[in-house]
Structures are given as structure tokens and as C-alpha cells.
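Below you'll find the structure, written out as C-alpha cells, and then a few comments.
What follows draws every value from the coordinates through simple rules; no lab data is involved. Keep in mind the model is a prediction, meaning the values are calculated, not measured. Glycine gets a Cβ as well: all are built from the backbone with ideal geometry, and neighbour counts include every protein chain shown.
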Amino acid sequence: MKAYYENIEFWHLITLPIYFVLVYLILTTFAKRILISDNKYINLHFLGLLLFYLAIGLVDYKIKLIPYFPDTNLFTRILETGVTPHNQSIGVKIGYKFLAIPIYLISLKSIFNYFLFNILFFQLGLIFLAGAFNRTYGIQDVWVQRFYLILAALAPSIVVYSFTPLRESYFVLALGLFFYGMTGKYKLNYFLILGVILAGILRIQLLLYFFIIVGFQYLVQLKLSRKMVIGLILVLFPLFFVALNYLSTSILNIPISPESLSLFRNVQRMNYFESGVTYPEVDWRTWLDLILDFPGLFFQFLLAPFPVIIFIPFWTKLAYFADGLYLLFLLFICLTFIKNIKKYSLWLIYIGVYVGMSAFFEFHLLGAVRHRLPATLLILSIAAQALAYYLPKYKWIFRY
């Protein structure tokens, strides 16, 4: 039996319906305020989603359905004891401890109730991301957000990590808050600030990503010609690089240079080498070395666990394999929409920047699947737009 199921009490199951109703009311309330008006569907969608997830959780309690990840024991002990080992990152010692432990106490130390909060944070993050996409492109078609919510509900990573005491649900919430805040009417708002704070205490690397995205957003809002944009980039790039290097050095203690990035990857690779799923060693002495390796790293991160520069018997890793197949499905939908995809170039930049940044730092093939989740959620938006555009004749399936 999994460690977090060992202390299950009968009264945990008795309180489950109360928390179920609470989570349902919170989700539908936020969805109706953030998303395009579609109240009847929203009510049915989140009721069906919670029942679906509840069934998965109860089955997993009796039959091992959700994988048991290596970090699970650590996070389970932190929840149950409130003690964080000193050798953990700031994201664990501060972010997880001061977010997850209070939630666990509010859950009455019931792992089932805690998982309902996990689901809540995942779905709130998705609602905010859908709202941000609607704002960015003036989406008025409810089918776009319906397809988005459906695709997200079926995403293997979201299902799996909803039932583990890891940090992914908090990451998704931070991502959703940031994007929703960034696309708001006012430059500085509560959503943006809260998203940045959550990212800062959970995974500091996200702050670098947010910094770049805000820069792109302001550049786009200037509404300059293409020549002006290219000229501005050429002029500002040195200043931008100095600022980014300062942040990377201050926050991650990693200067942005071929040698430092190479050293970081190779040291981490040695620590996890026995797992058998680390990336190959790199030897970056010049920027040209890094540029030549970048395409392989980019697509290996994006398509993990499938082979690009490294091969493992990926079909034996069922959860990772399912997530990879699902991403290929989403990418296929997006490719069918390629003639119309230019309109969503800004969103594609957001995806590309995240994958590109992560690819430089990633050294573990299965870790790539886990860390790719934010990019997957951004891809979902374009896939949902494609489905709403191409499949109107199937909409009758969803009528009620």
C-alpha cells in the first residue's frame, strides 16, 4: 500500500462528500466569473469531472492505478510530520511546507480530502489559463473553452499528479494566475502578483520564464512594425541578456554561459546517472556548441519519453508513455490547424520560450515529462481552438 494510504480512517471517507461539495462550489464560482458565460455547461462539466476523479481515487486506494513517484515518500513525510529535510530546495523548504501543510490540516489530515484540494488547484489554474487565452485573442466561442476543459480533464499528467502529494497543482495555479494577471486591463494586479509570489516560493526557475514573457508582452503592446521590432531587439538584446544573466546568477546561482550550463547539467546528470534515464553528457565550450545541440534538446524535452537523443523502453513507463501519446495527439490537432496558426504566434512564443529554457536545464528524461506540463497546458489552448474550428458538425454530441 502507498505510504499516504497507510493512515486512512473511516471518518476520512465520511467527510469526503463535504469537501467534494466545497470544491465543486469553488470551481463553478470561479469558472463563471473568469470564463465566457456558459453556466449550464460549467455546472455539468465540473460535477462530471469531480465524480470521474473521485472514482479514480477510490479505485487507486484498492488497486494501484496511479504510479508511485520517487519523491512521493519525501513529500508524504513532510505532510505527516511537518518537518522538511535541510538538504531540500527553497521550493520544498518554504513553498511546499507553507502551502501544503496548512492545506493538509484544513483537509483534517485526510489524504482523500487533500487530493480534492489538489484537483481544485489544478482546475483553478486551468480556468485562469483559459481566461487568459480568451482575453488575449478575444475568444467569444464557448466551444473553445469547452474543448479546453475537456482536453485538460483527460490529460494524463493532470490526472496522475492530482493523486500525488507533489507540487504540480501549485505550479499550475501559479502559471494560471500569472497569465490571467498579465492579460488583465491593469499592468499590475493581484493575480499577477500572486502568481509571481507562488512561482518564487515554489520553483524559482519560473520567475525567469515570467520575466521573459512580460518582456514579450510589452513589446507586442507597442504595436511596432516588423522592422522596428527587429531593430529594437538587436539594440535591447545586450541589455536584456545582462539583466537575465543577473537574475539567473542571483536566483539560480547559474551564470548564462555555455560552460556554466554544461557544468550544471553534467553535475546533475552524475547524481542521477544510476536511474538509467539521464540525458547524454554535454561539452559546451562555445555558443556554437550549444546552438548545435539545442534542436535535439528542444525536441527531446518536448517529446519525452520518446527517443530523440536518448532511448529507453518508454512503453514500460505507462504513465509517461500515456502522457507522451497525449501530447502527440495535441500536436497533431495543432498541425491540422497550421494554416490558421499564425494568428496565435504570441502564444506559440510563450510555448517555445518555456520549452527552450527548460531544455537547457533538463538532464533527466522522465523529469522532462513532469516538467513539461506547463507547455502542455499552453498547447491545449491552440488544440481547443483547432477543434472548435474544424469540428462543428460534431457539436451535437455535446448538446443537452
Rounded if a/c is under 1.5, else prolate if a/b is larger than b/c, else oblate: which is the range 213-358, with a ≥ b ≥ c the root eigenvalues of its Cα gyration tensor? oblate
Residue span Phe311 to Leu292: 0.36 nm per residue of separation minus Cα-Cα distance leaves a gain in nm of 4.9 nm
Calculate the radius of gyration of the Cα atoms of the range 207-252 to one decimal place, then report Dmax, the largest Cα-Cα distance, as a whole number, both in Å. 11.8, 36
Please work out the FRET efficiency for the pair Val242 and Leu108, using the Cβ-Cβ distance as r and a Förster radius of 35 Å; give the result to the nearest 0.05. 0.10
Estimated vicinal HN-Hα couplings, Hz - the range 12-22 in sequence order (Karplus 6.51, -1.76, 1.60; Gly, Pro = x): 4, 6, 5, 7, 4, x, 5, 5, 4, 5, 4
Within 10 Å of each residue's Cβ, count the other Cβ atoms and sort Met228, Met182 from fewest upward. Met228, Met182
Taking N as the residue count of the range 272-369, its alpha carbon Rg divided by 2.2 N^0.38 Å gives 1.18
If the reach is capped at under 26 angstrom between alpha carbons, list the lysines near Lys223, excluding any in the same chain fewer than eight residues apart. Lys185, Lys187, Lys339, Lys342, Lys343
Given the rule -39500 (n - 2.57) for each run of at least 4 DSSP H residues, summed and divided by the residues of the chain, what is its mean residue ellipticity at 222 nm, to the nearest 500 deg cm²/dmol? -23000 deg cm²/dmol
For every other residue with a beta carbon closer than 14 angstrom to the beta carbon of Ile94, add +1 if it is Lys or Arg and -1 if Asp or Glu, then tell me the sum. +4
Hey, what's the Kirkwood Rh for the chain if you take every pair of different alpha carbons, in angstrom? 22.3 Å
Can you list the aspartates and glutamates whose alpha carbon sits under 16 Å from that of Lys93, skipping same-chain ones fewer than 8 residues off? Asp71, Glu80, Glu168
Does the range 1-203 come out rounded, prolate or oblate by the C-alpha gyration tensor, with a ≥ b ≥ c the root eigenvalues, rounded set by a/c under 1.5 and, if not, prolate when a/b is larger than b/c and oblate if not? oblate
Reduced Cα scattering model of the range 114-251, Debye log10 I(q)/I(0), q = 0.12, 0.18 Å⁻¹: -0.58, -1.10
Per the 1/(1 + (r/R0)^6) rule, R0 = 35 Å and r from the Cβ atoms of Ile18 and Leu232, FRET efficiency to 0.05 is 0.05
So which residue, out of Ser260, Ser157, Ser275, gets the largest mean-square fluctuation from a GNM of the chain using Cα contacts under 10 Å as springs? Ser275
Semi-axes of the equivalent ellipsoid for the range 64-180, Cα gyration tensor, largest first, Å: 29, 16, 12
Cut-off 18 Å (backbone N to label point 7 Å along Cα→Cβ of Tyr190), residues of the range 144-175: 173-175
List every residue whose amide H lies under 5 Å from the amide H of Thr278, counting only residues 5 or more places away in sequence or on a different chain, with H placed 1.01 Å from N in the peptide plane. Leu365
List the residues of the range 134-166 whose backbone N lies under 19 Å from a point placed 7 Å from the Cα of Lys223 along the Cα-to-Cβ direction. 135-139
GNM top mover of Ala322, Ala384, Ala153 - the chain, alpha-carbon springs below 10 Å: Ala322
Per 10 Å bin, what percent of the C-alpha pairs of the range 184-274 does each bin hold, from zero upward? 13, 34, 33, 16, 4, 0
Give the separation of the Cα centroids, the range 104-179 to the range 188-235, in Å. 22 Å
